[in-house]
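Input: a single structure, listed below in structure tokens.
The values are calculated or read from the model by the stated rules, or taken from the named source; none is laboratory data. Not measured: the values here are computed from a predicted model. No Cβ is skipped: glycine too gets one built from the backbone with ideal geometry, and neighbour counts run over all protein chains shown.
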Amino acid sequence: MSDSLIQDFLPAIPLPALLIDQTERIIAANPEAQTFLGQQITGRHFATILRQPPVIETIEKVLRDRTPRRTRHLSNDGVQETTYDVFCRYIPGIGAVQGGAVLVSFQDVTHLEQASQMRRDFVANVSHELRTPLTALIGFIETLRGAARDDPAARERFLSIMADESNRMNRLVGDLLSLNRVESEERVRPREKIDLSAQLADTLTSLRPLAEAAGVNLALNAPEEPVYVTGDTDQLRQVFTNLVENAIKYGGSGGKVDVVLTSSERDPAIRAAAARVQIIDKGPGIDPVHLPRLTERFYRADNHRSRELGGTGLGLAIVKHIINRHRGRLRVESEVGQGAVFTVILPA
Ligand SMILES: Nc1ncnc2c1ncn2[C@@H]1O[C@H](COP(=O)(O)OP(=O)(O)OP(=O)(O)O)[C@@H](O)[C@H]1O
Ligand SMILES: [Mg+2]
């Protein structure tokens, strides 16, 4: 390949790419590489530009034995870390005295790195959440076999705790499966025509016993006529059940939970006809530091209390995905001491 051909060829590569010949100098760089590494890099020794030892070593090896290799380059602009896969391939017959050169190209793999980091965090979280009840179960089994063997009262008490712990594990697995299903369906638009008025009335009826047990006055405020949205009945029921349950569990000390349904021809949030459901409690509220992370998996504002109440911390993550699938919005407003308002906006 003539050197003028190189000048035409490199810009055609859609990734940052440069050529280093046997004199260890950069003989050509495409515009992407210049944006990435600097405008004046042609003619310089490559090690003054690519300073990371693994990258330098890899290029030296390929110049020596001509075997293609791959390595990693990490760059940090002070704000975020970017990870590149670096491909080094030998091209014979070009460069100084036609001795051949290494084509070095960079592929940004930051998103892949982030995805695998998220996967690792998720596995660590799930294992931790499962291990907590499991450890309790193992402990009680030991006690039942030993010290509590002939104590019927203790046996009864331990069995009841064991039942709670296994129920918690069961709920966790159920929620994980539910999250998985919701995520895999997220791109499929739901198609059922649903009357939210009727659905909310149903949901509240089934939660009334929980509200009564918590001393909470649960009230629905909805228009007389049906309010239709296009959605998935079971999933929307899951959304409102979790939000109302949360309001009772975490905001029940305020003594009342109101569910308010309204509809509008042009909702300002989505600039289209929509229904709004607000779940309002008068409990302790949520500290603003927690608000941005509330819908993350396993995130709990009050770790101790939520676990005590048997929560898995997956409820709002599931809610978020279901609302996304409906192309809707979830808003959370809260002031400490003033309660919390969760607003669901669903396109009609
Ligand atoms: N109305 C509320 N008032 C105060 N805190 C709330 C309210 N709703 C949610 N939270 C906080 O947000 C956290 C996350 O809620 P989420 O529904 O995701 O999990 P959970 O209720 O703990 O578990 P699950 O819903 O799976 O049983 C809760 O643990 C709680 O700390
Ligand atoms: Mg919940």
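The table below gives the values:
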| item | result |
| --- | --- |
| Some residue of segment 333-346 being in a strand (DSSP E or B), aromatic (Phe, Trp, Tyr) and either more than 9 Å from ligand 1 (Cβ to nearest atom) or at negative phi (or both) | yes |
| Test: residue in segment 148-166 that is among the basic types (Lys, Arg), in contact with a strand residue (DSSP E or B) (Cβ under 6 Å, 6 or more places away or on another chain) and either loosely packed, with under 15 Cβ neighbours inside 10 Å or within 19 Å of Thr312 (Cα to Cα) (or both) | no |
| Gly285 over 25 Å from Ala124 (Cβ atoms), small (Gly, Ala, Ser) and within 7 Å of ligand 1 (Cβ to nearest atom) | yes |
| Failed condition for Val86, given (1) exposed (fewer than 15 other Cβ atoms within 10 Å of the Cβ); (2) closer than 15 Å to Asp108 by Cα | (1) |
| Exclusive hit being more than 10 Å from ligand 1 (Cβ to nearest atom) and either of a type outside the set (Asp, Glu) or surrounded by 19 or more Cβ atoms within 10 Å (Cβ to Cβ) (or both), set Ala317, Ala273, Ala301 | Ala273 |
| Top-ranked residue of segment 268-283 - restricted to ones that are basic (Lys, Arg) and part of a loop (DSSP other than H, G, I, E, B), ranked as modelled with the lowest pLDDT | Arg271 |
| Among the candidates Ile286, Ile248, residue that is aliphatic (A, V, I, L, M), part of a loop (DSSP other than H, G, I, E, B) and within 16 Å of ligand 2 (Cβ to nearest atom) | Ile286 |
| Selected residue (criterion: farthest from ligand 2 (Cβ to nearest atom)) from residues of segment 251-262 that are within 23 Å of Gly310 (Cα to Cα) and surrounded by 18 or more Cβ atoms within 10 Å (Cβ to Cβ) | Lys256 |
| Options Glu333, Glu296, Glu308, Glu265; residue that is closer than 30 Å to Met162 by Cα, modelled with pLDDT of 90 or more and away from ligand 2 (no atom under 12 Å from the Cβ) | Glu296 |
| Strands (runs of 3 or more DSSP E) wholly inside segment 157-243 containing at least 3 residues that are under 24 Å from Gly311 (Cα atoms) | 217-221 |
| Within segment 32-77, tally of residues that are outside any strand (DSSP E or B), of a type in the set (S, T, N, Q) and surrounded by 12 or more Cβ atoms within 10 Å (Cβ to Cβ) | 4 |
| Residues satisfying the stated conditions in segment 311-330, i.e. among the basic types (Lys, Arg) and either within 13 Å of ligand 2 (Cβ to nearest atom) or outside any helix (DSSP H, G or I) (or both) | Lys320, Arg327, Arg329 |
